[in-house]
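Remarks on the structure that follows.
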Amino acid sequence: MGSLFAELARQAPTNARREVETYTREIAEFGFLDKDPRARAQTLDQAVWLRHRTVELSPHNKELSDGDLEYIASMGELRAGAGMSLDARQQVLRVHTALMLREINEATEAQRGAGVDELMRMMTWFAPQGERGIGAYRQGFVRVLRRRMPYVEQIALLARSLLNGDPIAAELAEAVDLELPDRYAVTVFRLPDPPPVDRVLENEIETLVKSHRTPIVWGARGGDGSGELIALVPVNSGGARAENVPPHTVAAFLPELAPEHAADLVRDVAQALGRPCAVGTADAPLPELSDALDRARRISDTAPVRRASARLRPHTLADLFVELAVADVPFVDAWLRTLSDRLATGPDLLVTLDMYYRNDMNRGATATALNVHTRTLDYRLRRVRELTGMDPGSTRGVRALSAAVARRQSGAWR
């Protein structure tokens with residue numbers, strides 16, 4: 001055995017103790033090791049074993065055996081069984097990897113720069129075998145979750161791990177028999193008045209997850225009493241394109257569009273929630289889902305609150321880019337609010353304008369949707385012109401009045 005490996009073997013017990021102390025100091029969930037000598041001794045034994053196997057295998061670039069990987073998996077099972085969270089698990093892997101690299105560097109310095117060949121052999125072994133070890137640890141962790149955690153909670157854990165970019169998502173997806181696509185449309189249901197999460201609702205959510213093959217999780221909102229549900233809608237190849245996109249369209253200039261099948265999920269989820277909600281969606285590849293969640297939340301904050309119906313659909317950037325921009329410009333938002341307040345004095349003018357724009361300014365379809373005669377609709381549109389000085393069907397009217405209606409219905413001006 002070369003001098004570098006001999007130094008690592010000599011320092012293994014000391015380095016293992018440092019690792020356990022670091023866990024106790026930096027990871028809150030490991031605080032129990034100070035009060036449980038048996039658990040501390042077991043953790044220390046595992047840390048020593050990992051270092052000894054590293055020194056035994058790396059000089060000859062031998063792989064971790066199946067027995068080694070199963071032992072590492074049992075560590076993951078032990079931690080999951082003790083109730084360790086995914087965040088703490090990720091911290092453990094980060095701390096362990098960082099300390100192992102530090103120990104290799106310290107051992108190299110102790111040899112005064114000698115043993116470069118040994119260092120290269122060590123690093124050649126460390127990367128692939130470290131990845132295999134981490135994978136085994138994750139698998140052991142997931143085994144326990146699969147046995148002990150209800151299906152809906154497993155799905156919620158999968159959704160959170162995807163949004164956080166946690167590599168354990170692959171094992172969680174396999175455990176719940178879901179394939180991971182390259183992209184998801186992160187869809188946020190904002191509920192001004194969230195329902196209580198009871199067993200009946202959990203059963204309905206579980207049914208929706210299985211039928212739509214979509215991870216769903218409850219999210220946290222601010223202190224305004226609202227709530228949210230987050231659904232990760234798989235985006236298949238070309239799935240984020242609408243039916244009527246013109247041919248030869250340059251994709252880089254096409255705004256985000258919701259997958260066609262997202263509308264079915266949105267209607268089903270809204271019906272299960274039994275509450276009016278505002279729905280925003282943004283799609284992204286797997287590594288960028290956290291950013292997509294931020295965009296989807298902003299869109300849902302700006303989207304109008306609607307009741308569950310056959311017409312309910314997710315709003316995208318293309319639907320609300322004006323309102324999103326307006327929300328960040330206080331004096332423009334105040335002007336639109338004044339415009340909206342003026343419309344609120346008329347009989348059903350805000351509702352009429354909302355339906356008028358949702359039906360692409362088609363008078364017949366709008367009148368039918370409102371269950372009024374077209375003459376009644378024309379009277380209301382004239383009344384809008386009288387109150388605002390804008391023709392609802394003009395370019396100026398569409399730009400200002402549609403934004404005012406959307407902002408009003410989003411609940412932004414409560």
*In the chain, carbon and sulfur make up what percent of the accessible area (probe 1.4 Å)?*
51
*Just how far, in whole angstrom, is segment 336-407 from segment 118-135 if you go by their alpha carbon centroids?*
66
*Sum of -39500 (n - 2.57) over DSSP H runs of 4+, divided by residues of the chain (222 nm, nearest 500)*: -20000 deg cm²/dmol
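Report the charge-dipole magnitude of segment 302-414 in Debye, nearest 20, computed about the Cα centre from +1 at each Lys and Arg Cβ and -1 at each Asp and Glu Cβ.
On the way: 18 positive and 11 negative charges, 58 e Å.
Its charge dipole is roughly 280 debye.
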*To the nearest 20 debye, what charge dipole does segment 1-90 have about its Cα centre, counting +1 at the Cβ of each Lys and Arg and -1 at the Cβ of each Asp and Glu?*
300
*Which value, in debye to the nearest 20, describes the size of the charge dipole of the chain about its Cα centre when Lys and Arg Cβ atoms bear +1, Asp and Glu Cβ atoms bear -1, and nothing else is charged?*
1400
_What is the angle, in °, between the Cα long axis of helix 66-81 and the longest principal axis of the Cα atoms in the chain? Nearest 10 is fine, range 0 to 90._
50
*Once you list every other residue whose beta carbon is under 15 Å from the beta carbon of residue 307, what net charge do they have if Lys and Arg are +1 and Asp and Glu are -1?*
+4
_With viscosity set to 0.692 mPa s at 37 °C, what whole-number translational diffusion coefficient in µm²/s follows for segment 144-235 from Stokes-Einstein and a Kirkwood radius over Cα pairs?_
239
*asked:* Using alpha carbons only, how many angstrom separate the centre of segment 91-108 from the centre of segment 262-296?
replied: 40
*Based on a Kirkwood Rh over C-alpha pairs, give the Stokes-Einstein translational diffusion coefficient of the chain at 4 °C and viscosity 1.567 mPa s in µm²/s.*
51
*Counting DSSP beta bridges with both ends in the chain, the antiparallel % (nearest 5)*: 95
*Per residue solvent-accessible surface (Å²) - the chain, probe of 1.4 Å*: 50
*Loop sites in segment 49-136: GluC sites (Glu not before Pro), DSSP, at most 15 other Cβ within 10 Å*: 63
*With r as the distance between the Cβ atoms of residue 220 and residue 9 and R0 = 51 Å, compute the FRET efficiency 1/(1 + (r/R0)^6) and round to 0.05.*
0.60
*So what's the angle, to the nearest 10 degrees on a 0 to 90 scale, between helix 262-273 and the longest Cα principal axis of the chain?*
90
*Low-density loop positions, trypsin sites (Lys or Arg not before Pro), segment 306-364 - DSSP coil, at most 15 other Cβ in 10 Å*: 307, 311
*Mind pulling the angle between the C-alpha long axis of helix 151-164 and the longest principal axis of the chain? Nearest 10 degrees, somewhere in 0 to 90.*
90
_Using the Karplus curve 6.51 cos²θ - 1.76 cosθ + 1.60 with θ = phi - 60°, what ³J(HN,Hα) values do you get for each residue of segment 393-398, in whole Hz, with x for Gly and Pro?_
x, 7, 4, 5, x, 4
*Please state the relative contact order of the chain as a whole percent: Cα pairs under 8 Å, 6+ residues apart?*
12
*Beta carbons within 10 angstrom, averaged per residue: use that to sort the peptides 226-236, 262-272, highest first.*
226-236, 262-272
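The values are calculated or read from the model by the stated rules, or taken from the named source; none is laboratory data. As the structure is a prediction and not an experimental result, all values here were calculated from the model. Cβ sites come from the backbone with ideal geometry, for glycine too, and all protein chains shown count toward neighbours. These accessible areas exclude ligands, DNA and RNA; they are computed on the full protein's heavy atoms, side chains included. Shrake-Rupley method; radii C 1.70, N 1.55, O 1.52, S 1.80 Å.
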